[in-house]
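Q: One structure, pasted below without further comment.
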Amino acid sequence: MNKEIIENLFEFWTFAGESIGALIKTKDYNAIIVNHSDWPNRIFNVNEMGTDFDKIIKLSRQNLLPDKLTLSNPNSIGANYQVKLFLQQRNMALDMNSYSFRSYEDSNIK
């Protein structure tokens, strides 16, 4: 299931980037850069087996690529001393059993 979720997220970022002309596509990765916004601004859909991560890091430090890298397999980057694991997300699920909320109808929401 995680593979499908990740692919869906990458498709969404690709669509968003193409829609506003902010998508960079290479054989090794895709990236989206949105000026004056922090979202989505990331490198994704990385060919994790054949990518030169040092090159990506260098381009990121030159502000030619975003400073966020999303990998489907975080272990593929190895022990790269230039990369700090910021956030690892297992899935995109939310357990609503522990959350209580008041249900109401809003005529503005269709």
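The values are calculated or read from the model by the stated rules, or taken from the named source; none is laboratory data. Just so it is clear, the structure is predicted and the values come from calculations on it, not from any experiment. Ideal geometry is used to build each Cβ from the backbone, glycine not excepted, and the neighbour counts take in all protein chains shown. Side chains included, ligands, DNA and RNA excluded: accessible areas come from the protein's heavy atoms. Shrake-Rupley method; radii C 1.70, N 1.55, O 1.52, S 1.80 Å.
Q: Which sequence of Thr51, Thr26 reflects their accessible areas, 1.4 Å probe, from the largest down?
A: So the residues, ranked largest to smallest area, are Thr26, Thr51.
Q: Now for a separate question. Assuming R0 = 25 Å, can you tell me the calculated FRET efficiency for the pair Met49 and Ile20, based on Cβ-Cβ distance, to the nearest 0.05?
A: Calculated transfer efficiency: 0.25.
Q: Same structure, new question: Of the cross-linked pairs Lys3/Lys68; Lys3/Lys25; Lys25/Lys68, which ones have a Cα-Cα span greater than 18 Å in the structure shown?
A: Working: Lys3/Lys68 20 Å; Lys3/Lys25 21 Å; Lys25/Lys68 16 Å.
Distance filter (> 18 Å) returns Lys3/Lys68; Lys3/Lys25.
Q: Give the cross-link partners of Lys58 among the aspartates and glutamates, using a straight C-alpha distance below 12 Å as the criterion and excluding same-chain residues fewer than 8 apart.
A: Asp67
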